[in-house]
1. Can you tell me the dipole magnitude for the protein assembly as shown around its Cα centre, using point charges on the Cβ only (Lys, Arg +1; Asp, Glu -1), in Debye to the nearest 20?
2. Under the definition of partner shielding as Cβ atoms of other protein chains within 10 Å of a residue Cβ, what is the mean value for peptide B:111-120?
3. Could you work out [θ]222 nm for chain B from helices alone, using -39500 (n - 2.57) per DSSP H run of at least four and dividing by all its residues? Round to the nearest 500 deg cm²/dmol.
4. At 7 angstrom along the Cα-to-beta-carbon line, where would the label on B:Asn17 sit relative to the other copies? Give the distances in nm, shortest first.
5. Can you give the longest stretch of chain B with no exposed loop site, where a site means GluC sites (Glu not before Pro) in a DSSP loop (not H, G, I, E or B) with at most 13 other C-beta atoms within 10 Å?
6. Find the eigenvalues of the gyration tensor of the Cα atoms of the protein assembly as shown, then list the square roots of 5 times those eigenvalues as equivalent ellipsoid semi-axes, largest first, in whole angstrom.
7. What FRET efficiency comes out for the pair A:Glu56/B:Lys54, r = Cβ-Cβ distance, R0 = 30 Å, nearest 0.05?
8. Could you grab the relative contact order for region A:54-182? Cα pairs under 8 Å, six or more apart, rounded to a whole percent.
Number of protein chains: 2
Amino acid sequence: MRYSATHKQETREKLINTSREIAKKDGFGGTGVDAFMKAIGLTGGAFYTHFESKAELFAELVEHELEFSTEMLAGDEDAPADHVARKLRSYLSSAHALHPETGCVLPTLGPEIARASPEVKARVEKSLKRLRDAWSERLDDDDAGWALLAQCVGALILARVVESERTRREILGASRRFLERAEKAPRK
Amino acid sequence: MRYSATHKQETREKLINTSREIAKKDGFGGTGVDAFMKAIGLTGGAFYTHFESKAELFAELVEHELEFSTEMLAGDEDAPADHVARKLRSYLSSAHALHPETGCVLPTLGPEIARASPEVKARVEKSLKRLRDAWSERLDDDDAGWALLAQCVGALILARVVESERTRREILGASRRFLERAEKAPRK
DNA sequence: GTCTATATGTAGATAGAC
DNA sequence: GTCTATCTACATATAGAC
């Protein structure tokens, strides 16, 4: 054949990774197949050599996103004692709010995932539970896992729907301080 | 004329209110003008008697959403002492998670608002700040206003991206307990 | 004010040349 | 494997009849 043995796989991976950024920036539904392909230097017609449908790309893209995010946020045995606190600070930053294309998938594609197929949502659930378990275990706090995740996702959404940078920083700051305080509270 | 004096205004209001539900359920970008009009028994052509563009409907719709939500959540002088706690419980409910069409706009259209015009985002910011102020004042807690809002929005997103009802309830329950605990914590 | 018909663009997806 | 060309559907928006 005219292409190397690994060419197809490489193209597919490039397509997924580039599409991840574009979808987080402009929305998945709001971006056409042609635009995804053009971003890696190809034309729309070649898309269907790699995926049976646009929906299949969405499923793949979301899986990659959550695999990447949860691994990064969960941390391993070598992580420092303040691992979660560090991740919270970087997640709840103005830089994150201003760059959806390289950030967490949930504040950008959350509603689109919510409308996706049960198969997609089941995989998302599996990844999120792993992250929740990691955080709850690390903090020895059953509720904190889900609660901290929710606080992160919600604060990012709020930070992005407001117009002024000042308010954006207020939201993120309030969120960070609130979480620090909560972790010191008695757990009835 | 063949129509009553108030007919146009009534049609416009019906269009906005019906569109609010549809957009929260299926997404605004994912719904065509024809679908919005068909839902109130009209055809697509009549849309432009009421709005100059689809984007103008979005702006109007979001404004109505936030006006309605913030008024409901903020509460007035007559509200009971546990007003915020009550609102948190109903917001963080499985019923809310399962019915986006009648629920809060932020967990459904948040990312679309984030990509909207500065004018739209400025109005959203104004409404949200009012709600934040109301909650912070009521709880005598500067950070709690934004933090509680973020917790609500994020928990709803998480609750909707998972597949099982069991996990959905875990997320919402953990969020509720976490907030109750946090309000009893010392504020540095 | 609403209708049908239509202009125009773009969407997802397929066919066949290379 | 990727290209161009194309099918079909549906998008936003407009024009003119009623």
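The values are calculated or read from the model by the stated rules, or taken from the named source; none is laboratory data. Everything numeric here is computed off the predicted structure, so don't read it as measured data. Quick reminder, even Gly has a Cβ in these numbers, built from the backbone with ideal geometry, and neighbours come from all protein chains shown. The area values use the complete protein model at the heavy-atom level, side chains included, leaving out ligands, DNA and RNA. Shrake-Rupley method; radii C 1.70, N 1.55, O 1.52, S 1.80 Å.
1. 20
2. Values: counts 14, 5, 4, 12, 8, 2, 1, 2, 1, 2.
The per-residue average across the peptide is 5.
3. Values: 9 runs with 128 residues, N = 188.
Using -39500 (n - 2.57) per qualifying helix, the result is -22000 deg cm²/dmol.
4. Once sorted, the set of distances for B:Asn17 reads 5.2 nm.
5. Values: sites that count: B:Glu52, B:Glu77.
Segment B:78-188 is the longest.
6. Details: eigenvalues 212, 203, 56 Å².
Semi-axes, largest first: 33, 32, 17 Å.
7. On the way: r = 29 Å, r/R0 = 0.95.
After rounding to 0.05, the efficiency reads 0.55.
8. Working: 94 pairs, mean separation 39.7, N = 129.
Computed value for region A:54-182: 31 percent relative contact order.
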